[in-house]
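Some notes on the structure that comes next.
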Amino acid sequence: MDLDLENAVVRLCAEGMRAEAEGRPEDARRLFDQAWAERSDDFDACVAAHYVARQQDSAEEVLLWNAVSLHHAHAAGDDRVTEFYPSLYLNMGASHELLGDPSEAERYFRLAADHAAALPAGPYGDMLRQGITEGLNRVTP
């Protein structure tokens with residue numbers, strides 16, 4: 001997925017992902033929180049909340065931030081968020097699954113599957129498609 005690194009929020013989130021990959025979770029959390037503080041529109045809020053969710057201390061907080069991200073994706077209402085929907089719905093499904101609500105998890109995994117056509121070809125899209133399939137396999141009776 002191509003994101004505009006000229007956008008300060010996107011750049012901060014990319015730096016946060018790098019910090020995560022380098023084993024610096026405190027730096028990642030600080031960068032994601034800074035991205036949230038610097039958001040200027042619903043697109044920025046969607047992106048920042050998506051990454052803030054990654055650094056929460058409880059499953060309930062992760063669900064809350066995933067829901068905030070999804071809310072702002074809907075509010076943005078433009079093509080910049082189209083490729084985000086499979087990941088956002090996958091994360092919502094995973095949160096509900098972790099919290100012991102398989103029917104709600106299934107609903108979100110199905111929404112992720114419904115939006116999977118928007119995923120790009122390549123490793124990122126493949127990873128998400130696999131996550132959606134595995135999530136559905138875990139929660140579907």
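One residue stands out in region 1-27 among those that are of a type in the set (A, V, I, L, M, F, W, C) and open to solvent by less than 60 Å² (accessible area, probe 1.4 Å): the one that is farthest from ALA117 (Cα to Cα), namely ALA19.
Please work out if ARG80 is touching a residue at least 12 places away in the same chain (Cβ under 8 Å), open to solvent by 60 Å² or more (accessible area, probe 1.4 Å), assigned to a helix (DSSP H, G or I) and within 21 Å of MET17 (Cβ to Cβ). So ARG80 passes the test.
Residues in region 91-103: is at least one in a helix (DSSP H, G or I), more than 17 Å from SER69 (Cα to Cα) and aliphatic (A, V, I, L, M)? There is at least one residue in region 91-103 that is in a helix (DSSP H, G or I), more than 17 Å from SER69 (Cα to Cα) and aliphatic (A, V, I, L, M).
Does ALA105 count as open to solvent by less than 70 Å² (accessible area, probe 1.4 Å) and within 14 Å of the chain's Cα centre (by Cα)? Against the criterion (open to solvent by less than 70 Å² (accessible area, probe 1.4 Å) and within 14 Å of the chain's Cα centre (by Cα)), ALA105 does not qualify. Output yes when any residue across region 54-71 is open to solvent by less than 50 Å² (accessible area, probe 1.4 Å), of a type in the set (S, T, N, Q) and not in a helix (DSSP H, G or I), and no when none is. Checking region 54-71: at least one residue is open to solvent by less than 50 Å² (accessible area, probe 1.4 Å), of a type in the set (S, T, N, Q) and not in a helix (DSSP H, G or I).
Going through region 111-120 one residue at a time, which ones are touching a helix residue (DSSP H, G or I) at 6+ places or on another chain (Cβ under 7 Å) and assigned to a helix (DSSP H, G or I)? Selection gives LEU111, ALA112, ALA113, ALA116, ALA118. Total residues in region 28-48 satisfying the condition of being among the hydrophobic types (A, V, I, L, M, F, W, C) and surrounded by fewer than 19 Cβ atoms within 10 Å (Cβ to Cβ): the figure is 1.
Looking across ALA49, ALA8, one residue alone is without any contact (Cβ under 8 Å) to a residue 60 or more places away in the chain and in contact with a Ser or Thr (Cβ under 6 Å, 6 or more places away or on another chain). It is ALA49.
When region 111-141 is filtered for residues that are farther than 22 Å from TYR51 by Cα and crowded, with 16+ Cβ neighbours inside 10 Å, the ones remaining, listed by number, are LEU136, VAL139.
The values are calculated or read from the model by the stated rules, or taken from the named source; none is laboratory data. All values derive from a computational prediction rather than experimental measurement. Glycine also receives a Cβ, built like all others from the backbone with ideal geometry; neighbour counts cover every protein chain displayed. Accessible surface areas use protein heavy atoms only, side chains included; no ligands, DNA or RNA. Shrake-Rupley method; radii C 1.70, N 1.55, O 1.52, S 1.80 Å.
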